[in-house]
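Structure, as structure tokens:
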Amino acid sequence: MKINVLDHGSVEFIEMWGSDERVVEAARMSTGKGFQGWGRGIQCEYCGSLEEGSVCGATDTGQHKMGPYGPPGDEKLLASLYNHKHMTPFEMAGMVIEVKAPLFVFREWHRHRTQSYNELSARYTPLPNENYMPSAADIAQRVALALGSTNRQASGTDVEAMRALTTGVINQWRWDLDVVYARAQAVYEHGLKIGIPKELARLPVPVARYSRMRASAVLRNWLAFLTLRKAPQAQYEIRVFADAVGTLIEQKFPRTWELFAKEQEYGK
Ligand SMILES: Cc1cc2nc3c(=O)[nH]c(=O)nc-3n(C[C@H](O)[C@H](O)[C@H](O)COP(=O)(O)OP(=O)(O)OC[C@H]3O[C@@H](n4cnc5c(N)ncnc54)[C@H](O)[C@@H]3O)c2cc1C
């Protein structure tokens, strides 16, 4: 599964190990009982159908109502582990992803020391000419957010400049940025052509340039990353990548995700 992010970026699932079940199994090492099974499923309280959304004939009478059935199972243990921060069992599962993102996003991402990384090396391979270009609408929205927030991004003269910013001025800046990108690329390519070693020829490459990396982490550390980088305080450009990572975690570890999302109060 590959999720497109920003104008040229993506987050792609490569592989995973472990599962919600393996987390429970690891925790049960203390008693040697292993994974016992998930309990409470969903069942129609009227007809007993186990299929959510299925029609049991009682729909018209309003009696068709899906509700929990069976005794609580290991989801109770999983919730207890998570809610009491007994986190080592969540190190028994993990995921590898491939990310294509601008260098300035990688710079923030690589601060997370509990992930393992391998990145494309511009010492050996010329970086493709792809640079992040925020849309005028995105920029305007960020200005509005900065003006409405209490953080230090908007203070003093910044506020006056921000208030005076028009779409025309934003587009002029974007045009200037495009010119800089084109000039930087020309210097890069010229350097390569005249024999400047790749490791030096790359010097003009902007931090907006897209690169690629593989990142691997255990489930516990993916959740720590998501806690910081899905938060509203995180810069938008890394936040949207974290959202994509979250989508993959939700898909691969749905029960752990449910507990995490509840704790983070997503959707509220
Ligand atoms: C909104 C936001 C703004 C930020 N602004 C800045 C900024 O202005 N300047 C800046 O430099 N950084 C900034 N950062 C980066 C931040 O300081 C962290 O480097 C980054 O979020 C990684 O967090 P971490 O250390 O918890 O993650 P990881 O490195 O993955 O570590 C995970 C956990 O492992 C433990 N750990 C790892 N290494 C050590 C160690 N050496 N010693 C003790 N415990 C360790 C800690 O418990 C840590 O929380 C910002 C981050 C965010 C989310």
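Throughout, read-outs are computed from the coordinates displayed, never taken from laboratory work. Here the structure is a predicted model, which means the values were calculated and not measured. Neighbour counts run over all protein chains shown; Cβ positions are idealised from the backbone, glycine included.
Details
- Environment charge of residue 254, counting only residues whose C-beta is closer than 12 Å and scoring Lys/Arg +1, Asp/Glu -1: -3
- In sequence order, calculated HN-Hα J values of region 97-104 (Karplus, 6.51, -1.76, 1.60; Hz; x Gly/Pro): 10, 10, 10, 10, 8, x, 4, 5
- When each of the peptides 206-219, 111-124 is scored by how many other beta carbons lie within 10 Å of its residues on average, the order from highest to lowest is 206-219, 111-124.
- Overall, the chain carries a charge dipole of about 860 debye about its Cα centre when +1 sits on the Cβ of Lys and Arg and -1 on the Cβ of Asp and Glu, all other atoms neutral.
- Net lengthening on full extension, residue 36/residue 174 (0.36 nm per residue, minus Cα-Cα): 43.9 nm
- Reciprocal mean inverse distance between Cα atoms of region 195-268 - Kirkwood radius, Å: 14.5 Å
- Amide H contacts for residue 46 (H built 1.01 Å from N in the peptide plane; partners 5 or more residues away or on another chain; cut-off under 5 Å): 65.
- The distance between label points at residue 14 and residue 243 comes to 2.5 nm (points 7 Å beyond Cα on the Cα→Cβ vector).
- Near residue 211, the amide H atoms lying under 5 Å from its own belong to 101, 103; only residues 5 or more places off or on other chains count, and H is placed 1.01 Å from N.
- Estimated distance in nm for a label pair at residue 146 and residue 117, the labels positioned 7 Å out from Cα along Cα-to-Cβ: 2.5 nm
- The slack between residue 183 and residue 228, meaning 0.36 nm per residue of separation minus the straight C-alpha distance, is 12.6 nm.
- Our coupling estimate for region 25-32, obtained by passing each phi through the Karplus curve with A = 6.51, B = -1.76, C = 1.60 and θ = phi - 60°, is 4, 5, 5, 6, 4, 5, 10, x Hz, Gly and Pro reported as x.
- Non-local lysine pairs in the chain, meaning eight or more places apart or on different chains, with alpha-carbon distances under 22 Å, amount to 18.
- Alpha carbon convex hull of region 118-268, projected area averaged over orientations, nm²: 11.8 nm²
- Distant-in-sequence amide H partners of residue 19 (H built 1.01 Å from N, under 5 Å): none
- Expected-Rg normalisation [2.2 N^0.38 Å, Cα atoms] applied to region 1-47: 1.96
- From largest to smallest, the equivalent ellipsoid semi-axes obtained for the chain from the alpha-carbon gyration tensor read 45, 26, 18 Å.
- Per-residue HN-Hα couplings for region 140-146 [Karplus 6.51, -1.76, 1.60; θ = phi - 60°; Hz; x = Gly/Pro]: 4, 5, 5, 5, 4, 5, 4
- Kirkwood Rh in Å, taken over all unlike Cα pairs in region 77-152: 17.1 Å
- 16 Å reach of a label modelled at residue 135, 7 Å along Cα-to-Cβ, counting backbone N of region 1-31: 4-9
- With Cα atoms defining each centre, region 211-268 and region 103-147 are spaced 17 Å apart in the structure.
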